[in-house]
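Trainee: A single structure is presented below for examination.
The values are calculated or read from the model by the stated rules, or taken from the named source; none is laboratory data. Note that the structure is a prediction, hence the values are computed from the model and not measured. Using ideal geometry, Cβ is built from the backbone for each residue, glycine included, and neighbour counts are taken over all protein chains shown.
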Amino acid sequence: MNDSSRVESCSKNAESRSPGQKGRRMMSSVSAAHELTRGLGDLLAPDSPCKVKLDRLYRELTKRLPKITRRRVRALFFAEVARIDYEEMLALKELRAEEELKGARRQFAASAIVLASHYAEIGSTVDRDALLEMGRRHGSMDLSGNGRGSR
């Protein structure tokens, strides 16, 4: 069997698969997954040892990917994987977005407490408009109180 017939048979096999089989296993960049996983470890357990970061990362990822193993999470964290599936990458991106939103909300709440204490010092109460204005200045919330606002 020469090279040209081998290439033709490979392409025929690829074409004969159903559309569901062709798109079943989508993969993403391993380096992107590694960076995401490292960043998530820092978001979930800042200033903690690696073991704690891995444990928290595993706990959060099992909520989205019930079949993921501790070994797989460790391999993602240390960039020891040969491939990463689309579902894993999607779960990592969703988790990062959730954690960033939680951080923004915590920061907004802390700023609101400071603002309320300043209003209390001058004998005034904090109303909704004052909180929205502070949110716009701070940039962590939009007018609806969700997500990242524009600065």
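Trainee: Kindly indicate which of Glu80, Glu87 is acidic (Asp, Glu), surrounded by 13 or more Cβ atoms within 10 Å (Cβ to Cβ) and in contact with a helix residue (DSSP H, G or I) (Cβ under 9 Å, 6 or more places away or on another chain).
Mentor: It is Glu87.
Trainee: Do we find a residue being at pLDDT 95 or above, touching a Lys or Arg at 6+ places or on another chain (Cβ under 6 Å) and either closer than 23 Å to Val30 by Cβ or not in a helix (DSSP H, G or I) (or both) anywhere in the range 68-83?
Mentor: no
Trainee: I'd like to check something: does the range 94-110 contain any residue that is in a helix (DSSP H, G or I) and either β-branched (Val, Ile, Thr) or closer than 16 Å to Val30 by Cα (or both)?
Mentor: no
Trainee: Among the residues of the range 47-92, write down those that are touching a strand residue (DSSP E or B) at 6+ places or on another chain (Cβ under 9 Å) and not aliphatic (A, V, I, L, M).
Mentor: Arg83, Asp85, Tyr86, Glu88
Trainee: Follow-up. If you check Glu94 against the conditions, is it loosely packed, with under 15 Cβ neighbours inside 10 Å, charged (D, E, K, R) and touching a residue at least 12 places away in the same chain (Cβ under 8 Å)?
Mentor: So Glu94 fits the description; yes.
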